[in-house]
Amino acid sequence: MPSSPLGGFTRRAQLALPTSRQLAHFTSTHDATACLYLGRFLWREGQEVEARKAFERGAQLHNEECRSELVRLTDWADEKAAERPMEERNYEEAARLLRPLAERNSRFALRCLGFLCETGVTGAPDMEAARSYYELAASQGCAEDYHELGRFLTAVGDEVHARAAYEAAARLDYVPSMSELGRMMVEGCGGPADEAVGRVWLEKAAAQGHTFARRTLLALQESDARTLLQKLSVKIKIARLAFAGARVLARGGDSDQPRWLSSSVGPPS
């Protein structure tokens, strides 16, 4: 396996982070690839200012990856700045910070602006604008954004496109969307009913512990039950699951409420 361009630097850095003078010497005497490795290491360690210097040096040496990381680092810093007013519910300030990020196609900003428009926390709800933001976020191919688009479209009554959004997320192995897609297929919402395939999606989600998928499967079992004893057995299972579901909802899981996205850009792993 080829060694890191940083050589023994990363091993020494596990004991103590380098000083600014050492960083300046390192980036001035090594190649652009070394600057890239160094910048990523420093970013992971929370040394964003020094990481930026390393990426900038690599960019000056015409390293495209360093230039790309500079953009990511800038987006990350701007997203973190906007995330704080979102958490504090200072939505007017958040919107001001989010709009430039949305112009740079930030998933975080697009999802947050969709949330602001949908909920109307900065004015009257604007469902058309909310849909546009959610669709732009989902167009980047992330399962969580497909799911949020599906949730929004379900809320506004567009079940055909909601089902398509859920299916896109389910095929990316997103468990909540497997549950929603399975339910819609079983019930014939947003397209033709297909109970067999719907059950498959529900079973996949239930195997991952999704409470609502398990509840839907139990409802199907209750409908299939032929004897009073079979129905009673299923009802007991449903009652037990209801307690578990209440705990899940209390933690915010499996919710169908609009949620803004935590910062989608972060230090390289």
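Just so you know, all these numbers are worked out from the coordinates, no wet-lab data involved. Note that the structure is a prediction, hence the values are computed from the model and not measured. As a convention, Cβ positions derive from the backbone with ideal geometry for all residues, glycine included, and neighbour counts pool all protein chains shown.
Mind checking whether some residue in the stretch 141-159 is in contact with a helix residue (DSSP H, G or I) (Cβ under 6 Å, 6 or more places away or on another chain) and among the polar types (S, T, N, Q)?
Yes, the stretch 141-159 contains a residue that is in contact with a helix residue (DSSP H, G or I) (Cβ under 6 Å, 6 or more places away or on another chain) and among the polar types (S, T, N, Q).
Applying the selection to the stretch 92-108, what residues are under 16 Å from Leu73 (Cβ atoms) and hydrophobic (A, V, I, L, M, F, W, C)?
Answer for the stretch 92-108, where residues must be under 16 Å from Leu73 (Cβ atoms) and hydrophobic (A, V, I, L, M, F, W, C): Leu101, Phe108.
Can you name the residue in the stretch 209-228 that is touching a helix residue (DSSP H, G or I) at 6+ places or on another chain (Cβ under 9 Å) and not in a helix (DSSP H, G or I) and, of all such residues, is surrounded by the most Cβ atoms within 10 Å (Cβ to Cβ)?
Ranking the candidates gives His210 first.
Looking only at the stretch 169-208, which residues are in a loop (DSSP other than H, G, I, E, B), surrounded by fewer than 21 Cβ atoms within 10 Å (Cβ to Cβ), in contact (Cβ under 8 Å) with a residue 12 or more places away in the chain and of a type outside the set (D, E, K, R)? So that I can check it myself, show each step before the final result.
Looking only at the stretch 169-208, we keep the residues that are in a loop (DSSP other than H, G, I, E, B), and these are 171-174, 188-194, 208.
Keeping just the survivors that are surrounded by fewer than 21 Cβ atoms within 10 Å (Cβ to Cβ) gives 171-173, 188-189, 191-194, 208.
From what is left, the residues that are in contact (Cβ under 8 Å) with a residue 12 or more places away in the chain are 172-173, 189, 191, 208.
Within the stretch 169-208, Leu172, Cys189, Gly191, Gln208 qualify.
Looking at the stretch 48-105 only, could you name the residues that are of a type in the set (Gly, Ala, Ser) and either surrounded by fewer than 15 Cβ atoms within 10 Å (Cβ to Cβ) or closer than 30 Å to Gly120 by Cβ (or both)?
Once the filter is applied, which keeps residues that are of a type in the set (Gly, Ala, Ser) and either surrounded by fewer than 15 Cβ atoms within 10 Å (Cβ to Cβ) or closer than 30 Å to Gly120 by Cβ (or both), the stretch 48-105 yields Ser68, Ala77, Ala81, Ala82, Ala94, Ala95, Ala102.
Return the total of residues in the stretch 111-131 being of a type in the set (Gly, Ala, Ser) and either in contact (Cβ under 8 Å) with a residue 12 or more places away in the chain or surrounded by 15 or more Cβ atoms within 10 Å (Cβ to Cβ) (or both).
Within the stretch 111-131, the subset of a type in the set (Gly, Ala, Ser) is 114, 120, 123-124, 129-130.
The next check asks that each one be either in contact (Cβ under 8 Å) with a residue 12 or more places away in the chain or surrounded by 15 or more Cβ atoms within 10 Å (Cβ to Cβ) (or both); those that pass are 114, 129-130.
Here the count works out to 3.
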